[in-house]
Amino acid sequence: MPRITFFRQARVDGGIRTGINVDGDTVEHFESGPDELDPVLAWFVDLRCDGDDLPLNAEEARQWFLEHRTIITDGFLGLSKKLTLGMDPDIQPVQWEISDSPSGVRMKTVCCSARTAPARKMGMIAQEMAEHWEEYLGQLYAAEVP
């Protein structure tokens, strides 16, 4: 069964990594941070999808994510409402099932922060995921073009 994960990860040094992983093959975009190099993650947000009707490569996955943007952004907004006041930092991620996923596909958002300051902002981060969804996907297209 195909598995696709869209991920956005923030590092302690302010760097941001955005990408799509399709069954182990990854396309990603990295924005360097302003601080001294520190690759430790401050937080992450994933959109994890599995099902028989998913695309099999990163570009098709990117297009599929665009086609289903309303369902996906509604899922991030639902997570944002759940995390209005943030969350406690923990090693266990918060998972939010997207109930109106396309037929034959299971979708969920997963987020985590092991640090207090970003954990308190996870609701805002999920809202930013919804508001900038197409922009993040566009960065991945640019990452693929030589």
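The values are calculated or read from the model by the stated rules, or taken from the named source; none is laboratory data. Quick caveat, the model's predicted, so the values are computed rather than measured. So basically every Cβ, Gly included, is an ideal-geometry build from the backbone, and we count neighbours across all protein chains shown.
Structure notes:
- Residues that are more than 20 Å from D50 (Cα to Cα) and of a type outside the set (G, A, S), drawn from region 16-38: I16, R17, H29, F30, E31, P34, D35, E36, L37, D38
- Positions within region 45-70 being part of a helix (DSSP H, G or I), in contact (Cβ under 8 Å) with a residue 40 or more places away in the chain and over 15 Å from the mean Cα position of the chain (by Cα), in sequence order: E59
- Selection from region 73-109 of residues that are within 18 Å of P2 (Cα to Cα), among the aliphatic types (A, V, I, L, M) and touching a helix residue (DSSP H, G or I) at 6+ places or on another chain (Cβ under 7 Å): I98, M107
- Matching residues, region 20-44, being on the phi > 0 side of the Ramachandran plot and either of a type in the set (A, V, I, L, M) or in contact (Cβ under 8 Å) with a residue 12 or more places away in the chain (or both): D23
- Region 88-112 residues that are farther than 12 Å from G75 by Cα, paired with ones that are among the polar types (S, T, N, Q) (beta carbon under 6 Å, 6 or more apart): P89/S113; P89/T116
- Candidates W96, W43: the one that is in contact with a strand residue (DSSP E or B) (Cβ under 6 Å, 6 or more places away or on another chain), among the aromatic types (F, W, Y) and farther than 19 Å from E135 by Cβ is W96.
- The helices (runs of 4 or more DSSP H) falling completely within region 80-146 that include 1 or more residues that are modelled with pLDDT under 90, surrounded by fewer than 19 Cβ atoms within 10 Å (Cβ to Cβ) and more than 17 Å from the chain's Cα centre (by Cα) map to 116-120, 133-144.
- Count of residues meeting criterion [under 21 Å from M87 (Cα atoms), part of a strand (DSSP E or B) and out of contact with any Phe, Trp or Tyr (no Cβ under 9 Å at 6 or more places or on another chain)] in region 1-44: 4
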